[in-house]
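Below is one structure; the comments refer to it alone.
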């Protein structure tokens, strides 16, 4: 509730009466101020310019004068006030003095200043309109976005900022909003357009917020130019469409590779085998060796085709998310490897309780490749050992496959996850050089990363991360 200082002045401007509210607002007691000229309530610069006398003259001439400005308290502090001065006349019209009402608006002025700071500091264009749809206030962002100055916009209908073809509809929509004002986006689900001073249009996001003003309800419209975002969205859609088209072409190519290349390779391998089996007596040792080499090359080419197709499918396949028991998955892969060489004694140490969420089928490929490599590169070790575990590092879960096999030279580690890159001769350790590239793509698709550490003849450790909290490190059990 506002407090009003009410007092009277004589015809010369001396205080004649003083109420309790005047004492609260200005700080003077009645006995301190009655008889003194009311100019003591004005800042020195206003007194020097004759403002108090000018206000009395206007009130005497017009019967009433009003002013908003700084006023002084007894302690010398200033406050922002609304002041009304009314001339007091007797029945014959003779001036007998003045009645004066002063309201302290300091808090309101500070609130308005903070409000204006918020409006000016807003990242969006803010346009405030009254119940008639007339613009009352805009910020500098609105000037920048729309191209009009404040003086050009204030007092204009809000439809000035709407493309001409939509203005009629907007008037109706504005009336509906006035009946049920609420904080909400404007035109939810629609592509809205706004218009600049030069007539150019731009896509906009608009949020509406009702507020109560001194003269009735107001509406704040926050306008954001989303031209750049829409351009980016279009570019992303086009990129997605292009990627999908490329994937369809890749699928067609993959089918062609699978069908058109495998068939002649099978023929080459099959006829070479038939020659070795049926015409051994007619071939000398050199001829038989040539045919065996032909078969080996055909089989290696077929394996390379299979690996390339798998790498392609890994990149295109939809990713699912489900709980995956990585410990069980690793044990299953290890069992399959041991079945390929029952005569070989290899120690597998697989930690219990390693679990995550991800695509179980693709994560199995990770372990097939990593454990398969570890199995391959420990083939010449006297006591081969392959370990699967997990640890927590810097808040991440780090999974690893470690072996004590041939290892590699860390100078060439940057080549390790590239397709067709090999750090060992095929004669020593067969392979196509696709497996680790496949591992990297799967891990990246899950939002993780993969790396390796090794030394020549000192074994290798392949580590990778997967999203999720880092629990305590599980114990490893053989």
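The values are calculated or read from the model by the stated rules, or taken from the named source; none is laboratory data. Remember, predicted model here, so these are calculated numbers, not experimental data. As a convention, Cβ positions derive from the backbone with ideal geometry for all residues, glycine included, and neighbour counts pool all protein chains shown.
Is it the case that residue 166 is in the same structural domain as residue 10 (by TED's automatic domain parsing), at pLDDT 90 or above and not in a loop (DSSP other than H, G, I, E, B)?
Spelling it out, it is not the case that residue 166 is in the same structural domain as residue 10 (by TED's automatic domain parsing), at pLDDT 90 or above and not in a loop (DSSP other than H, G, I, E, B).
Out of segment 364-386, which residues are surrounded by 20 or more Cβ atoms within 10 Å (Cβ to Cβ) and part of a strand (DSSP E or B)?
The answer is 386, and nothing else.
Would it be correct to say that residue 394 is exposed (fewer than 14 other Cβ atoms within 10 Å of the Cβ) and either in the same structural domain as residue 454 (by TED's automatic domain parsing) or modelled with pLDDT of 90 or more (or both)?
Yes; evaluated as a whole, the condition is true for this residue.
Is it the case that some residue within segment 53-71 is closer than 16 Å to residue 103 by Cβ and touching a residue at least 40 places away in the same chain (Cβ under 8 Å)?
Yes, some residue in segment 53-71 is closer than 16 Å to residue 103 by Cβ and touching a residue at least 40 places away in the same chain (Cβ under 8 Å).
For the list (1) assigned by TED's automatic domain parsing to the domain that holds residue 405; (2) at pLDDT below 90; (3) surrounded by 15 or more Cβ atoms within 10 Å (Cβ to Cβ), I need the number of the one condition that residue 311 fails.
Every condition holds for residue 311 apart from (1).
Among the listed residues 154, 223, which satisfies the condition of being under 29 Å from residue 108 (Cβ atoms) and in contact with a helix residue (DSSP H, G or I) (Cβ under 9 Å, 6 or more places away or on another chain)?
Going through 154, 223 in turn, just one is under 29 Å from residue 108 (Cβ atoms) and in contact with a helix residue (DSSP H, G or I) (Cβ under 9 Å, 6 or more places away or on another chain): 223.
Residue under question is residue 235, and the condition is that it be under 24 Å from the mean Cα position of the chain (by Cα), at pLDDT 90 or above and surrounded by 12 or more Cβ atoms within 10 Å (Cβ to Cβ); does it hold?
Spelling it out, it is not the case that residue 235 is under 24 Å from the mean Cα position of the chain (by Cα), at pLDDT 90 or above and surrounded by 12 or more Cβ atoms within 10 Å (Cβ to Cβ).
Name the single residue that is modelled with the highest pLDDT among those in segment 433-473 being farther than 20 Å from residue 412 by Cα and outside any loop (DSSP other than H, G, I, E, B).
465
Considering each residue of segment 174-194, count those that are in contact (Cβ under 8 Å) with a residue 12 or more places away in the chain and outside any loop (DSSP other than H, G, I, E, B), and give that number.
Matching residues across segment 174-194 total 8.
What residue, among those in segment 107-130 that are surrounded by 12 or more Cβ atoms within 10 Å (Cβ to Cβ) and part of a loop (DSSP other than H, G, I, E, B), is modelled with the lowest pLDDT?
122
What number of residues within segment 33-47 are more than 60 Å from the chain's Cα centre (by Cα) and exposed (fewer than 14 other Cβ atoms within 10 Å of the Cβ)?
Result for segment 33-47: 2.
Would you be able to tell me the number of residues in segment 131-151 that are under 20 Å from residue 117 (Cα atoms), surrounded by fewer than 16 Cβ atoms within 10 Å (Cβ to Cβ) and in contact with a helix residue (DSSP H, G or I) (Cβ under 9 Å, 6 or more places away or on another chain)?
3
Criterion first (exposed (fewer than 15 other Cβ atoms within 10 Å of the Cβ), farther than 21 Å from residue 120 by Cα and within 33 Å of the chain's Cα centre (by Cα)) does residue 180 satisfy it?
Spelling it out, residue 180 is indeed exposed (fewer than 15 other Cβ atoms within 10 Å of the Cβ), farther than 21 Å from residue 120 by Cα and within 33 Å of the chain's Cα centre (by Cα).
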